[in-house]
Amino acid sequence: GILAAADGKQVNVTVARNFVAGDGFYTLCVPFDMPASVIGKAYQIAAITEAGDGGVNVEFTEVTTILAGQPYLIEPSADLNGFTVENVTIDNSTPAAVTVSGAGVSITMQGKYSRDAKTNGLYWVGNDGYLYNDDVWPTALCAYFNISTSSGIAPRMRVVTKEDAETGLDNIT
């Protein structure tokens, strides 16, 4: 594939993802390092703490650098209809997983490059910003969530975001 052919090479790459500023958070996972400022702000999952209502709060920490293969929530600072990043080195390693646990809940945020892998039983961000857990994965270069609770009760969660279904890497030069 396109990533295998470019692995270890310094390239210019166009990322086919659409982002709307002020529309909430998106997920992102790319196979190269880049400043978070290319997008706006980036956050990585950091901790889970108990909330006063018996629920939990998931905490994220802002980062200034987006690292290859790491999963992030991003907050775009401008509307983007795709974007180009120059002089990056492609790292085709398997995308990473970051796990946090606390208050009887464990959440793994897993990066993903392709659109073809199924995520049955895992949560992905879809229409109207809800987390869905069917076996359809419409988006590449993003992240999904594996959420488990000690009580076995299915989590209820909504993320305010939108995702564009046609995503991927284009025009690697």
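The values are calculated or read from the model by the stated rules, or taken from the named source; none is laboratory data. No experiment lies behind these values; they were computed from the predicted model shown. Using ideal geometry, Cβ is built from the backbone for each residue, glycine included, and neighbour counts are taken over all protein chains shown. With ligands, DNA and RNA removed, areas are computed over all heavy atoms of the protein, side chains included. Shrake-Rupley method; radii C 1.70, N 1.55, O 1.52, S 1.80 Å.
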Note to self: Tally up the residues in segment 8-25 that are open to solvent by 30 Å² or more (accessible area, probe 1.4 Å), under 24 Å from GLN44 (Cβ atoms) and assigned to a loop (DSSP other than H, G, I, E, B), please.
What the structure shows: 5
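Look at TRP124 and say whether it is aromatic (Phe, Trp, Tyr), modelled with pLDDT under 60 and open to solvent by less than 70 Å² (accessible area, probe 1.4 Å). Write out each step before concluding.
Values: aromatic (Phe, Trp, Tyr): yes; modelled with pLDDT under 60: no; open to solvent by less than 70 Å² (accessible area, probe 1.4 Å): yes.
Here the answer is no, as TRP124 does not meet what is asked.
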Notebook entry, point to check: If the Cβ limit is 6 Å and pairs must be 6+ apart or interchain, which residue in segment 14-40 that is on the phi < 0 side of the Ramachandran plot pairs with which residue that is part of a helix (DSSP H, G or I)?
Noted result: PRO31/LEU3
Next item on the list: Select from segment 46-94 the residues that are at pLDDT 90 or above, at negative phi and open to solvent by less than 30 Å² (accessible area, probe 1.4 Å) and list them in ascending order.
Entry: ILE66, ALA68, PRO71, TYR72, PRO76, PHE83, VAL85, VAL88, ILE90
